[in-house]
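Accompanying notes for the structure given below.
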């Protein structure tokens, strides 16, 4: 659930005034080579089953003068699930396809999206981002705790880096797959990401 993707703008907003002078306003693109979105769900009380996504995109409109006015949009290919191999329960090519179709509703909505609504600064390098997460044909609010991990110039390109953590109840998005077998409904989402200023 690439979900969420989602803490990107808040992390950027946590840059101090001094740092903000080194990170100019403008459009920043998510760097997929240095971004990971990892999700986890309880496997019948035995373990936390983890997976990720291979295709994530995002744009941050960064306002260095007033970071709270910055805007973020993220999209994830719901069919780009990467997870440990398992036998398909529904005759699909693999279990990743089961997850995409049954848990994420990829046939109905092939792209998972997150759009920021507002952010709240809680410390020098921490904050909360609030936004709308959409998948499986449903849209609902999400809030994520975020931390700024770095900002500044890297090899001639302004960059922002962050980490984020949240937990969502997937049933609020109509995702009920395998609950009858004890598969958890709470999904933990962990994000590590970088944004680079667009040309």
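Just so it is clear, none of the values below were taken in a lab; they were calculated from the coordinates. Not measured: the values here are computed from a predicted model. Note that each Cβ is placed from the backbone with ideal geometry, even for glycine, and that neighbours are counted across all protein chains shown.
Here are a few things to note about the model shown:
- Per-peptide average of other Cβ atoms within 10 Å, ordering 146-156, 87-97, 164-174 highest first: 164-174, 146-156, 87-97
- The share of C-alpha pairs in the stretch 46-140 whose separation exceeds 24 Å stands at 37 percent.
- Subtracting the Cα-Cα distance of residue 122 and residue 50 from 0.36 nm times their residue separation leaves 23.0 nm of extension gain.
- Cβ-derived FRET efficiency at R0 30 Å, residue 38 paired with residue 94, nearest 0.05: 0.95
- Per-residue [θ]222 nm for the chain (sum of -39500 (n - 2.57) over DSSP H runs n ≥ 4, rounded to 500): -1500 deg cm²/dmol
- Geometric extent, Cα atoms of the stretch 8-197 - Rg, Dmax (angstrom): 17.3, 56
- Computed on the stretch 46-162, with alpha-carbon pairs under 8 angstrom and 6+ residues apart, the relative contact order is 17 percent.
- Length-normalised contact order for the chain - Cα pairs under 8 Å, 6+ apart - percent: 30
- Shape call, the stretch 85-199: gyration tensor on alpha carbons, a/c limit 1.5: prolate
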